[in-house]
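Read-outs: derived from the displayed coordinates by stated rules, not from any lab. The model shown is predicted, which means the values in this text are computed figures rather than measured ones. No Cβ is skipped: glycine too gets one built from the backbone with ideal geometry, and neighbour counts run over all protein chains shown.
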Amino acid sequence: MTLDRSAGKFYMNNGKFNEDLLLENQIEKTKQKKFEEEASKLYLDSATKKQEEINKRLQTLEILPLGNKVMLSMYPENPYRQIVEGKIIIDYNGSFLNPDSGEQDKMKQLVACGQVIEVGPETKWIKPGDDVYFDPRTCYPVPFMSLGYLLTHEGAIHCVLNENLKERFKTK
């Protein structure tokens, strides 16, 4: 606020009228909006170019875990459940009535089932294509092409499910 003693008037906003301030605010908002639109367009163009580059390389692109890491695709449910006559599944899915909340709850899964997609060069026992039971608490998500892969180490795998395993592991 300024004071013009000679005229005996007080001026708000350094002598600018409210209409002038409104016009300046509109101009500033328009500039900001135009900047955001241009930045968004540049980002979208960049992302589109990168996606086109990846799509060209996709036929030859490979993903390989390092060390003794194992890349898995987790099954939504255990495909090795016991089914009796009449298609009744008799395994427990972990649901229970929570006494604290009174709502239906689900126990944390300590063992999950999945298929091995790829293995690292130091992996000794596990091969791609094996179905395995593993500890899901040791897994890290791999954001590759939104395929839902998980990465864990060979030690987190509890059991291998496949044919001719005794022959492969040379046990009797």
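Key figures
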{"read-out": "Paramagnetic reach from Asn55 in segment 129-161 [backbone N under 17 Å; point 7 Å along Cα→Cβ]", "value": "145-146"}
{"read-out": "Cα gyration tensor of segment 101-154 - equivalent ellipsoid semi-axes, whole Å, descending", "value": "26, 14, 10"}
{"read-out": "Gap separating the Cα centres of segment 41-56 and segment 118-172, nearest whole Å", "value": "34 Å"}
{"read-out": "Unsatisfied cross-links (Cα-Cα over 32 Å) in the set Lys33/Lys56; Lys49/Lys106; Lys29/Lys49", "value": "Lys33/Lys56; Lys49/Lys106"}
{"read-out": "R0 of 45 Å, Cβ-Cβ distance Ser101-Ala39: FRET efficiency to nearest 0.05", "value": "0.50"}
{"read-out": "Square roots of 5 times each gyration tensor eigenvalue, C-alpha, segment 69-169, largest first, Å", "value": "28, 19, 12"}
